[in-house]
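Participant: Dumping the structure here so I can ask a few things about it.
The values are calculated or read from the model by the stated rules, or taken from the named source; none is laboratory data. Since the model is a prediction, treat every value here as computed from it, not as a measurement. Heads up, the Cβs are rebuilt from the backbone with ideal geometry, glycines too, and the neighbour counts pull from every protein chain shown.
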Amino acid sequence: MTNQREYTRTHPWISFRHHLERADPVHWSLLGEAAARCDQVAQAILPPADAQAMHQLYLIKGVRATTAIEGNTLTEEQIKAQLEGRLELPRSRNYLKLEVANVLDAVSEIFTEIVSGQPPPLTAEWIAGANRRLLGGLEEHLEEGVVPGEVPTHSVGVGRYRGAPRGDCALLLHRLCTWLEGDDWPVRPDRHEDRTASAILRAIFAHLYIAWIHPYGDGNGRTARLAEFMILAREGVPSPCAHLLSSHYKLTRAEYYRQLDRSSRANSGRGDPLGFLLYSLQGFVDGLREQSRFIEGVQLKLAWEHFVYVEFRQIPASAAMRRRRDVTLVLGRVEASIRKREIPDLTPDLARLYANKTSKTLARDMNWLVKRDFLEKGDHGYRARVDMMRAFRPARA
């Protein structure tokens, strides 16, 4: 007789080992950059309207990603409408709306708990509850025998992959949570500077292991991604950043499934999570770099507007100077070069200021602004010299 569980024979890769002792410098470099960029976003100075816009943008992208991977066809515009309570769909497609609403509600609930000072611990009960929330109201669209939040008696998988033996799933989920919430990690959460890096590692491993165990009859991917999101959010990773992994998986969906498959078959069938970790970290860092550029763009325009107002306050006021200042401000909000004849039509205020002026007046204004280095003229028109706000650009040949 032996007390060995069946999964140790059928799924030896479910070993609750992170193998980080074998991680190469690229893993650690990406993890360090990811943690630093998350902290950078957390400390970003943005006007409330821009911060809210960024929060909503990445919430919508993340929700669309986690549902689109499972076949939901709603667009970002439709998800925004659902978020604002104005989405209407034909009855035949109403389940798509419900799938999205469930993810939005689950994310909102996680944030409510965190803000109230009661961040949820990762437990087997929490994972089961997450699956119930994500599949709630969708029972008629699930396969026969699938009960949200319950491990079915029949085998479950995706493609050629089969989940762990059904009789072992409860034990495996419990062991997973004990492992993830323990201190068997090279980056320790009890040091403030390491908390973000630790959260990133644990979140990715939580996702991978839930996918490996595949305990539920449906919604395992959504459950894994929600657990990933929760672990990041509760450790202070900003909300826009916490949605990025789901977006990465959706943008590289075929590779996502390849990496999940390879992770269990690697190492002669004993599994290796480091390939999936590297894939996830690279996508996470790419998304964080994009967010850094978004924040930089907002801050750059604010710095430009402050600079313009300060410079024009030092010039004697006149109607001509007001026109030139307003042209400079408007062009600072436009990335593309603008033809001279199109400039008065950019805003109603510019149209009013140039309504009774000739083309010579416009030409004089542009020449003055170019001469004073507020604008530059190129083959495709004029653009504001916003890049002069970048104080310490690296010197390159």
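Participant: Would you mind listing the helices (runs of 4 or more DSSP H) fully within the range 1-91 where at least 1 residues are of a type in the set (A, V, I, L, M) and modelled with pLDDT of 95 or more?
Facilitator: 25-42, 48-68, 76-83
Participant: Sticking with this one: Against the conditions (1) crowded, with 18+ Cβ neighbours inside 10 Å; (2) outside any loop (DSSP other than H, G, I, E, B); (3) not β-branched (Val, Ile, Thr), where does GLU140 fall short? Just the number, please.
Facilitator: So GLU140 meets the others, but not (1).
Participant: Another question, then. Select, from ALA355, ALA336, ALA317, ALA363, the only residue that is within 25 Å of ALA53 (Cα to Cα) and either small (Gly, Ala, Ser) or surrounded by fewer than 16 Cβ atoms within 10 Å (Cβ to Cβ) (or both).
Facilitator: Exactly one of ALA355, ALA336, ALA317, ALA363 is within 25 Å of ALA53 (Cα to Cα) and either small (Gly, Ala, Ser) or surrounded by fewer than 16 Cβ atoms within 10 Å (Cβ to Cβ) (or both), namely ALA336.
Participant: Being under 15 Å from LEU31 (Cα atoms) and either at pLDDT 95 or above or assigned by TED's automatic domain parsing to the domain that holds ARG132 (or both) is true for just one of SER292, SER263, SER247, SER280. Which residue is that?
Facilitator: When all the criteria are applied, what remains is SER280.
This table checks each residue for (1) modelled with pLDDT of 95 or more; (2) over 19 Å from the mean Cα position of the chain (by Cα); (3) in the same structural domain as LEU171 (by TED's automatic domain parsing); (4) surrounded by fewer than 17 Cβ atoms within 10 Å (Cβ to Cβ).
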{"site": "ASN102", "(1), (2), (3), (4)": "yes, no, yes, no"}
{"site": "VAL107", "(1), (2), (3), (4)": "yes, no, yes, no"}
{"site": "ILE110", "(1), (2), (3), (4)": "yes, no, yes, no"}
{"site": "SER116", "(1), (2), (3), (4)": "no, yes, yes, yes"}
{"site": "THR123", "(1), (2), (3), (4)": "yes, yes, yes, yes"}
{"site": "ILE127", "(1), (2), (3), (4)": "yes, yes, yes, no"}
{"site": "ALA130", "(1), (2), (3), (4)": "yes, yes, yes, no"}
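Participant: Then there is this: Return the residues of the range 373-397 that are under 18 Å from MET321 (Cβ atoms) and in contact (Cβ under 8 Å) with a residue 24 or more places away in the chain; say none if nothing qualifies.
Facilitator: PHE374, LEU375, TYR382, ALA384, listed by residue number.
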